[in-house]
Amino acid sequence: MLFVGCTSRDGKEEYSDFAPTVFPDRIMLTIPGDPATSRAVSWHTVYEDTVSIGEISLMDAAPILEENKVTVTGTFTPWENGSLASMGHKVIFENLKPDTKYAYRVGDDENWSEWFQFKTSSDKAEPFSFIYLGDVQNEVKSYGSRILRQAYSHFPDADFMLFTGDLVKVSNEEYWREFFYAGGWIFGMMPGVPTPGNHEYDEHVVQTRTFSKHWNQIFTLPPNGPSEKFNNRLYFIDYQGVRFVSVDSPAYGENSKDDKMIMDWLDRTLESNPNRWVVVFTHYPIYYCCQGRDKKSYQDAGKAIFEKYGVDIVLQGHDHTYCRGQNLPDAAANSKNHPMYIVSVAGEKMYGLNINFWSDRVASNTQLYQNISFSGDTLSYKSFTVSGDLYDEFMLIKDKTGINRFIESKEVREIKQRVEIPEGEEEEYTDEEMMKYRQKFQKMP
Ligand SMILES: [Fe+2]
């Protein structure tokens, strides 16, 4: 292993193996199209490495995977646009068999990764579960690592890891290397299914905002969005009876032409859903969960379409707090199946709770991960603290007409809610708001 001295953000010298070598690292498995028949893999090496090869084999418990491998040539581009520091590689495995275990490795035909294992999805509506994580974003090596590892260790059989944006605070080399350090080989085993957050954009130049230089290098997702510009950002995956729709909410509000394109696409994508269930995952919350937010034009547009098609559950991030609820008093009169809205946070950055009181369960100052499973007419939802303790749980039972019945777990009602305002966040509240906060949350069970 090559040890290289690195300077951390707080100026301390530390040692790590972050520097690129001829051996593949930062390996990310993704779903580039039909989840039953395709997988993509991206990886990272020294800049001089200009051969990109993937080998794939049907799973074999004997260590003879090389004997039945199929070789696929991939592509390479600089890991970071405009930089000669390292090379990014990508390969797509297609024509795989549904519901089948495979092993793969990537390399340059001389220097290889280890063999990784995965299973393709079924092409039918079969039970499965996935992990949902809110913003990882800050202190990714220090605190992001434990949530990624705990979530995977608790649910190693989950089919993928879904991220609702702000995977990193800044889309630069420093943050992405921490992200891959934190997730390590997990990302090569369990596909990443992400939607971008505002931190995947350069927020400092509002009029000419640029998108992450790394996102498209790392993630290869189905090209079924409204236009090529939004590839890997707005897309959907039909997974064993559930349509998952990634809505790049930070892209909304840039210009009216794009806004219309995004919402027209969302409308079409929900209208054409052939599955019984639909999940939307997106960064900005429809209802605020923390103090001091303003995304009203997106919230109004998104809410109207989610209600129109009765989206079952909307998974969100951005607010660095936890909220869960349907906010039924705000449901449109003609809304049949009002969505369940979740806001969650995975990483270290924490805010205080909003005093709008729309949600039925909240948390602040708490790193959380979620496991969501589907089985026939039942969606089962569980949220856990990073300590592995259950924090929230409910089920949605779908009837013959597509309407969901909500059942909250009795056990959860007994678990005390965590409502501590994180250090330094008191200043977000006026005196009156602080009084309301204390009256509401500190009397909660
Ligand atoms: Fe955000």
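The values are calculated or read from the model by the stated rules, or taken from the named source; none is laboratory data. Keep in mind it's a predicted model, so treat the numbers as computed, not measured. Methodologically, a virtual Cβ is constructed for each residue, glycine included, from the backbone with ideal geometry; neighbour enumeration extends over all protein chains shown. SASA here: full protein model, heavy atoms, side chains in, ligands and nucleic acids out. Shrake-Rupley method; radii C 1.70, N 1.55, O 1.52, S 1.80 Å.
Carbon and sulfur: what percent of region 17-93's accessible surface (1.4 Å probe)?
60
Once both labels are modelled 7 Å past Cα along the beta-carbon direction, what's the residue 308-residue 440 spacing in nm?
My value for the distance between the label points is 3.0 nm.
How many percent of the accessible area of region 121-260 is carbon or sulfur, using a 1.4 Å probe?
48
How much of the pair distance distribution for the chain lies past 31 Å, counting alpha-carbon pairs only, in percent?
Summing the P(r) of the chain above 31 Å gives 40 percent of all pairs.
What is the helix-to-structure angle for 173-183, meaning the angle in degrees between its Cα long axis and the longest Cα principal axis of the chain, kept from 0 to 90 and rounded to the nearest 10?
90
How large a share of the accessible area of region 313-362, in percent, is made up of carbon and sulfur atoms when the probe is 1.4 Å and the other protein chains stay in place? Mind showing how you got there, number by number?
Values: 680 of 1450 Å².
Its accessible area is 47 percent carbon and sulfur atoms.
For region 334-403, I need the span (max minus min coordinate) of the C-alpha atoms along each principal axis, in Å, sorted largest to smallest.
Rounded to whole Å, the extents work out to 41, 29, 14 Å.
Probe of 1.4 angstrom, ligands and nucleic acids ignored: what's the accessible area per residue over region 128-251, in square angstrom?
31
Go through region 366-410 and name the trypsin sites (Lys or Arg not before Pro) that are in a DSSP coil and have 10 or fewer other Cβ atoms within 10 Å of their Cβ.
Of the trypsin sites (Lys or Arg not before Pro), the ones in loops of region 366-410 whose Cβ has at most 10 other Cβ atoms within 10 Å are 400.
Sorted by mean Cβ packing within 10 Å, highest first, what order do the peptides 123-132, 76-85 take?
Descending packing order for the listed peptides: 123-132, 76-85.
Under 19 Å from a label point 7 Å along Cα→Cβ of residue 19: give me every residue in region 148-179 with its amide N that close.
173-178
Give me the 1.4 Å probe accessible area per residue for region 56-116, excluding ligands and nucleic acids, in Å².
57
Sequence-distant or interchain residues sharing an amide H contact under 5 Å with residue 360, placed H: which?
Residues meeting the amide H criterion: 324, 325, 326.
Taking the Cα centre of the chain as origin, work out the dipole magnitude from +1 charges on Lys and Arg Cβ and -1 charges on Asp and Glu Cβ, in debye rounded to 20.
1340
Order of 248-257, 137-146 by packing, highest average Cβ count within 10 Å first?
Highest mean packing first, the order is 137-146, 248-257.
Loop only per DSSP, at most 15 neighbouring Cβ atoms within 10 Å: give me the GluC sites (Glu not before Pro) in region 153-212, ordered by residue number.
203
Compute the distance in nm between two label points, each set 7 Å from the Cα along the Cα-to-Cβ direction, one at residue 109 and one at residue 268.
For residue 109 paired with residue 268, the spin-label model returns 4.1 nm.
Measuring from label point to label point, each 7 Å out along Cα→Cβ, what is the residue 418 to residue 85 span in nm?
Once both label points are built, they end up 3.3 nm from each other.
Taking the solvent-accessible surface of protein heavy atoms with a 1.4 Å probe, what is the per residue accessible area of region 347-388 in Å²? Please list the in-between numbers first.
Values: 1170 Å² over 42 residues.
Solvent-accessible surface per residue comes out at 28 Å².
For the Cα atoms of the chain, what angle does the longest principal axis make with the long axis of helix 256-271, in degrees from 0 to 90, nearest 10?
90
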